[in-house]
Amino acid sequence: MSDSRTDKNRREFLLQGTKFIVLTGVAASAWDYVLAGTPEAAPSYKASQHWWAMMIDIEKCIGCGGCVRACKAENNVPLEPYYFRTWVERYHVRGEDLAHPDVDTPNGGYDGFPEIYHADDGAKSFFVPKMCNHCEHSPCVQVCPVGATFEAPDGVVLVDSAYCLGCRYCVQACPYGCRYIDPRTNTVDKCSLCYHRITKGLTTACCETCPTGARQLGDLRNPKDPIHAFIREHKVQVLKPQMATGSKAYYNGLDGSVR
Amino acid sequence: MEETLLAHVQGFMYPNEMELQWSVLIVLYPFITGLVAGAFILASLERVFKVEAVTPTYRLALLTALAFLLVAPLPLQLHLGHPERSIQMYLTPHTQSAMAMFGFVYLWYLMAVLVLEIWLDYRKDIVLAARSSTGLKQKLYKAMSLGIDNISPESLRIDDKVGRFLTIIGIPSAFLLHGYVGFIFGSIKANPWWSTPLMPIVFLFSAIVSGIALVMLMYMVVSWFTRREISMECVDTIGRYLMYAFIIDFTLEMLDLIHRMYEADESFKSLDFMVQTKLFTSQILVQIIFGTLVPIGLLALPQLLKLSEQARKGIYLLAGSLTLIGIFAMRWNVVIGGQLFSKSFLGYTTYKMGFATREGLLPAIILLVLPFAILWVLVKLLPPWQDDTAKA
Amino acid sequence: MSDDDKGLFQNTRHLVRMAGIFAAGIVAFVGMRMLLVPEGFGRYGHYRAPAIGDNMKKPISYAGRDACAECHADVVEARKASKHVGIGCEACHGALALHTSDPAKSKAVKPKAAQLCPACHEQNVARPKWFKQVNGAEHSGGEACDSCHAPHAPEL
């Protein structure tokens, strides 16, 4: 990035964001290192002091799709129905047949879920929000030939879109289907855990707009974070634990049929 | 576009899975590098293992390997979202990534093994050509000789020694080149269709099979075109080695298949369904029956029966062609097949190949023809036959 | 010229020359690497350190509920005792970072209850049982939800 561009960004942001910045202390201190021009070396957000994780409570998800809409708006995700940083799946499990659930995700849940099942069909139904698991041992990071996807010191798996070749190896390596190639840039994209927000003291767009609190951003390095109590008090699970990716998306109420 | 993509999906796929990531170009890549590795291993049969009968194909095999190796990175390059950034693989290679090592293995194999070995083997011819030609042609040969005219017996003896040493290094290098291509797929634990430790070795043996078949065909076709007599001892020997390699290859593939069926892990039902439906033609019919069992059977005939020269030639021609088709189908089934099912094991998508698109059928055909064009130039420049009279 | 009786030096000259070309190639490669490896690569790990900053720099669309509370204390008060207390303002009102940074320039739009409320409360078997759901057609016969329920405190 050139200095003049940074300056321009700075002025623009100052004009637009002054009020907002004054409002929240953390955001204001975050601003300091944006001003410093080398955000990664900023003193006020110390990446090494955080270890971000996501807590997803299936018992609370109502399938409104608010997270999907907020994510696409916040992160400028293409609107086509096969590009998602986060999406919601609907499971329908008949009887005890955990191996063959009916699953659908109409437009990733962006428009909600029109009712297609009957209350008395002897099955159970529930919603499962999905997103990048920000794995500690990410297969995607492992296979990237050039280091264009990496694990930041705070545990967030990020993409360097200015460096990505678009070889798509990481898309193949992700067991959870969390990555897509942005057709506008020909580079890979996926959930960044709203890195531009969480480093300013805000929560992610999906958590901010989840009406029931089914998604909670957590900082595992902050002893006061409620995520510790939540994991202690609930039976939590990660997706596809057999993949041993060190997933940091913890699910409560995860049914055995979910994959 | 979105209507058609969604229409291709049966059952449930994670939404980001609907688009296939790796196209027919990525099918070409292991196919072409396999031909390189196989052709080189056939060449080394003569050099290192002293299988004298295959001598007539030695130089042709090396040139074939070079022609295909020069084309090998093109499908990858064409497939990248940002081809201009591919230099980063050399600048900041991620050592944990199998793909990052491609650049280095490729350069090593191209420069240190193939180009050097061909140069050493042809040095005498190059110097003689430089002496006898004129004009631009002479300049070209002079440049290739690095401006050194010396072809004393002692210098040629040294060349031969160094060349033999290079071939010995070259064999593990060829194994590395293609074994690692198998590792690119075999090491993806997220994909049960790919993830098996057998993948590198299956790739390797199928590479040897395809390379031997290609050189055998090239030798016969080039001989016909240049009205040289085909050495039956040579093609009989190659045919025999092809059969041996093919039996090992098929055994490994069946081992993989039986293992999968017996273990029947969480992915099995989904993959089994895929093989019986979407992959039936390309896997069961083209790859296994017509691309493996039939050519093995054909190649076994000359071992079991006393056949006329003409019949044997026909058999080798047919078996070689079927082998190439079968190995191509194998690469297709690995690369494309590995993307047709959902990692949720609940659904399938379809691969729709474009034609005149960047990753369509047309560029794929061009990329398959290109090595033959390069080979034609190489054969003109560096004639593979030792003397210009037909060999008896 | 005679090819005989040349020493080892003469007979390996072409090999030395080839080795020289390889050496030059390797030197060129190392030189190119030194010039072209991007700044900050490898500072924290095998990636461009400035990429962390690139990820931080993107603009925000959702301002967050705390920003709303600075001006709209009345709504905070109204929601206090309601079941809707935990819902972020932008879950219903949409992304409002532009509004919070310049309230005069960008206005928040009042959402239409008839479309908004059913997104959460329309009956759906996949929704958890504890969650309040209605069959909209039976429940209100098409009348707008906010003619009875106040969205910020919907309890009657």
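Between the listed residues A:A205, A:H118, A:Y195, the Cα displaced farthest toward the positive end of the dipole of region A:51-259, a dipole computed from Cβ unit charges relative to the Cα centre, is found at A:Y195.
Note on chain C: GNM, Cα springs under 10 Å; of C:A113, C:A95, C:A24, the largest mean-square fluctuation is that of C:A24. What number, rounded to the nearest 500 deg cm²/dmol, is the helix-based mean residue ellipticity at 222 nm of chain B, given -39500 (n - 2.57) per DSSP H run of at least four residues and division by all its residues? Mean residue ellipticity, 222 nm, calculated: -21500 deg cm²/dmol. Extending 7 Å from the Cα toward the beta-carbon at both C:F22 and B:Q303 defines two label points whose distance is 3.9 nm.
Can you tell me the dipole magnitude for region B:147-210 around its Cα centre, using point charges on the Cβ only (Lys, Arg +1; Asp, Glu -1), in Debye to the nearest 20? Please report the intermediate quantities before stating the final value.
Numbers: 4 positive and 4 negative charges, 71 e Å.
Rounded to the nearest 20 debye, it is 340 debye.
Of the residues C:G136, C:G94, C:G40, the one that moves most in a GNM of chain C with alpha-carbon contacts below 10 Å is C:G40.
Between C:F29 and B:W108, the modelled label-to-label distance comes to 1.0 nm, taking each label 7 Å out from Cα in the direction of the beta carbon. Could you tell me which of B:Q339, B:G239, B:T92 has its Cα farthest along the dipole of chain B towards the positive end, charges placed at Cβ (Lys, Arg +1; Asp, Glu -1), taken about the Cα centre? Most positive-ward Cα: B:G239.
By count of other Cβ within 10 Å, fewest leading, how are C:E90, B:E19, B:E229 ordered? Mind showing how you got there, number by number?
Working: C:E90 27, B:E19 19, B:E229 11.
Final ranking by Cβ density, sparse to dense: B:E229, B:E19, C:E90.
I need the chymotrypsin sites (Phe, Trp or Tyr not before Pro) found in region B:1-94, filtered to DSSP loop residues with at most 12 other beta carbons within 10 Å of theirs.
Numbers: sites: B:F12, B:W22, B:F31, B:F40, B:F49, B:Y58, B:F68, B:Y90; in loops: B:F12, B:W22, B:F49.
Of the chymotrypsin sites (Phe, Trp or Tyr not before Pro), the ones in loops of region B:1-94 whose Cβ has at most 12 other Cβ atoms within 10 Å are B:F49.
Cα centroids of region B:368-388 and region B:70-137: how far apart, whole angstrom? That distance is 17 Å.
Using a simple charge model, +1 on the beta-carbon of Lys and Arg, -1 on the beta-carbon of Asp and Glu, nothing else, what dipole does the protein assembly as shown show about its Cα centre, in debye to the nearest 20?
On the way: 76 positive and 73 negative charges, 303 e Å.
The calculated dipole for the protein assembly as shown is roughly 1460 debye.
A Förster radius of 25 Å combined with the Cβ-Cβ distance from B:D272 to A:D104 puts the calculated FRET efficiency at roughly 0.60. By the count of neighbouring beta-carbon atoms within 10 Å, fewest first, B:M232, B:M218 end up ordered B:M232, B:M218. Here is the link list: B:K137/B:K380; A:K60/C:K58; B:K189/B:K278; C:K83/C:K132. Which ones come out longer than 19 Å on Cα distance? Listed pairs above 19 Å: A:K60/C:K58; B:K189/B:K278. Determine the sum of side-chain charges near B:S267: Lys and Arg each +1, Asp and Glu each -1, restricted to other residues whose C-beta is under 14 angstrom from that of B:S267. Net charge in that neighbourhood comes out at +1.
Taking the Cα centre as origin and putting +1 on Lys and Arg beta-carbons and -1 on Asp and Glu beta-carbons, what dipole magnitude results for chain B, to the nearest 20 debye?
On the way: 29 positive and 28 negative charges, 186 e Å.
Computed charge dipole of chain B: roughly 900 debye.
Projecting the Cα positions of B:F175, C:C120, C:A67 onto the charge dipole of the protein assembly as shown (unit charges on Cβ atoms of Lys, Arg, Asp and Glu, taken about the Cα centre) puts B:F175 furthest along the positive direction.
If you take the Cα centroid of region B:190-204 and the Cα centroid of region A:138-181, the two points sit 22 Å apart.
Each residue, B:R227 and B:L381, gets one label point 7 Å from its Cα in the Cβ direction; the gap between the two is 2.8 nm.
Only aspartates and glutamates eight or more places from C:K112 in sequence, or on another chain, were considered; those with a Cα closer than 19 Å are A:D111, C:E90, C:E122, C:E143, C:D146, C:E155. Which net charge results when you count Lys and Arg as +1 and Asp and Glu as -1 among the other residues whose beta-carbon is under 13 Å from that of B:L25? Counting the neighbours of B:L25, the net charge comes to +2.
For A:H228 and C:A114, FRET efficiency with R0 = 45 Å and r from the beta-carbon atoms, rounded to 0.05?
Working: r = 42 Å, r/R0 = 0.92.
In this case the efficiency is close to 0.60.
We did not get these values from a lab; they are worked out from the coordinates using the rules stated. All of these numbers come straight from a predicted model, not from anything done at the bench. So basically every Cβ, Gly included, is an ideal-geometry build from the backbone, and we count neighbours across all protein chains shown.
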